[in-house]
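All remarks here apply to the structure that follows.
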Amino acid sequence: MFAMRRIIAAILAVAFSMSCFAQKLRPSDVPQEVRLGLENTYSDYKLKGWYFETGQYVAEIDIDNQIGRVFLTATGNWQFTIFDVQQQELPTLVANYFLNNYPGYRIKKSEYVEDFSGDNYYRLIIAMKGVGQTEYEMIFDPRGKLTKTNAPDPDFVKKDYIARLNPEAIEYRQKKMAERASLDGSGLEIRTGEDGDVKKNSKSKDVDIEAPEALDVPVIPDEVTKSFKKKFPRLEVNQWKEEDGNYRAYYENRGRDMEMLFAPDGMVMTTTTAVEKERYPRLIIKDLSSRYPEVKFPSAITKFQKVDYDLKYRKTVTDRKLDTYYYIEFTQKIKGKKDKKTVKLTYDKSFKYQGLAGSTDEYQEEE
């Protein structure tokens with residue numbers, strides 16, 4: 001059985017690498033044994049077409065709007081089937097493993113493979129973001145456990161990601177370590193040659209430069225990151241910020257800019273959604289125009305957000321009533337100057353003006 005699996009693995013590798021050379025066939029070109037083999041393997045499907053590649057017959061089928069490619073031998077024996085899987089449809093464990101361990105990478109291809117031996121699995125092809133980057137393969141069992149990969153070690157990937165985000169930190173660390181080594185009397189001398197390479201004198205010692213920690217990047221509690229991943233297992237946080245002991249995540253969801261504010265224990269406090277220009281409430285725009293007639297609305301608006309308090313968080317706040325509100329920023333010219341000032345204000349959920357906004361997004365509905 002082990003030998004057979006190795007053979008199947010080899011067939012799969014060839015199929016994946018040579019699929020672009022598939023030859024399309026007419027139904028009459030497909031032997032009856034192959035057609036019967038497909039019918040014996042799958043009962044409820046829509047046939048999209050037949051192909052011949054890598055010495056095998058391939059049937060492209062549609063099962064419940066999922067496209068699969070069924071590989072069969074010339075005698076009709078089923079070998080395996082490859083289903084394309086959208087990234088948002090991957091099992092939570094698979095998506096979480098990738099998001100947590102490979103920052104700066106992207107999934108180029110995700111598939112589910114059904115094998116005649118019963119060893120079904122998910123297959124990801126990942127690569128660092130950018131053009132012409134090396135591709136790596138990751139294999140997960142149906143439960144989402146990683147079983148095989150040739151991708152770089154996750155710890156190295158995360159350290160490298162931080163270092164690339166903070167290149168100035170590398171130079172700073174190199175300088176400090178060089179100074180420290182010089183004080184020890186090692187004769188270490190670091191200088192930059194004309195080609196930009198770092199050079200040492202003959203008496204210098206090798207210095208192991210570790211990947212530096214990110215500069216000005218807040219340390220986010222595990223409870224907070226786990227809370228975000230639980231809500232959005234397939235989304236990635238673009239930026240974290242610490243605000244008065246709480247933590248704000250900036251991310252995108254379905255093409256919209258979003259923010260989520262967490263308490264240190266992981267409780268969601270607010271969810272902030274960017275309001276699209278064509279969805280600005282007319283009552284708010286009308287009120288703004290009457291208050292600031294010299295300003296052109298809505299073009300002067302630079303930020304328009306809807307802030308919703310989480311229901312669970314609202315129940316913990318007993319000394320005031322919290323409710324949905326709108327946060328708006330717009331620019332206004334200063335008389336006699338070329339500069340512009342930014343005005344920040346809020347409206348309640350019924351589009352009633354509440355006043356100028358404070359430094360935080362804590363909003364208390366007027367009784």
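The values are calculated or read from the model by the stated rules, or taken from the named source; none is laboratory data. Owing to the predicted nature of the structure, the values given are computational and were not obtained by experimental measurement. Neighbour counts are summed over all protein chains in view; Cβ atoms, including those assigned to glycine, are modelled from backbone coordinates with ideal geometry. Ligands, DNA and RNA are excluded from the accessible area calculation, which covers all protein heavy atoms including side chains. Shrake-Rupley method; radii C 1.70, N 1.55, O 1.52, S 1.80 Å.
Past 22 Å, Cα to Cα, is the threshold; run K303/K349; K277/K344; K109/K241; K286/K352; K306/K333; K277/K349 against it and keep the listed order.
Values: K303/K349 17 Å; K277/K344 17 Å; K109/K241 32 Å; K286/K352 11 Å; K306/K333 25 Å; K277/K349 17 Å.
Result: K109/K241; K306/K333 exceed 22 Å.
Relative to the Cα centre, what is the charge dipole magnitude of the stretch 39-162, using +1 at the beta carbon of each Lys and Arg, -1 at the beta carbon of each Asp and Glu, and rounding to the nearest 20 debye?
Working: 13 positive and 18 negative charges, 101 e Å.
Charge dipole of the stretch 39-162: 480 debye, to the nearest 20.
What nm value, rounded to one decimal, do you get for the distance between D153 and D308 when each label is placed 7 Å out toward the C-beta?
Each label point is offset 7 Å from its Cα along the Cβ direction, giving 4.4 nm.
Using unit Cβ charges (K, R positive; D, E negative) and no other charged atoms, how large, in debye to the nearest 20, is the dipole of the stretch 21-107 about its Cα centre?
Details: 7 positive and 10 negative charges, 45 e Å.
My answer is approximately 220 debye.
With θ set to phi - 60° and the Karplus curve 6.51 cos²θ - 1.76 cosθ + 1.60, what are the ³J(HN,Hα) couplings of the stretch 147-163 in order, to the nearest whole Hz, using x for Gly and Pro?
10, 7, 6, 10, 6, x, 4, x, 4, 5, 4, 5, 5, 5, 5, 5, 5
Whole-Hz ³J(HN,Hα) for each residue in the stretch 61-75, computed from phi via Karplus 6.51 cos²θ - 1.76 cosθ + 1.60 with θ = phi - 60°, x for glycine and proline: what do you get?
Values, residue by residue: 10, 10, 10, 6, 6, 10, 8, x, 10, 9, 9, 10, 7, 5, 9 Hz.
Quick check for you: with a 1.4 Å probe and neighbouring chains kept, what is the accessible area per residue of the stretch 284-326, in Å²? Don't jump to the answer; show the numbers that get you there.
Values: 2580 Å² over 43 residues.
For the stretch 284-326, the per-residue accessible area is 60 Å².
Given H placed 1.01 Å from N in the peptide plane, which residues other than close sequence neighbours of L25 have an amide H under 5 Å from its amide H?
W50, Y51, F52
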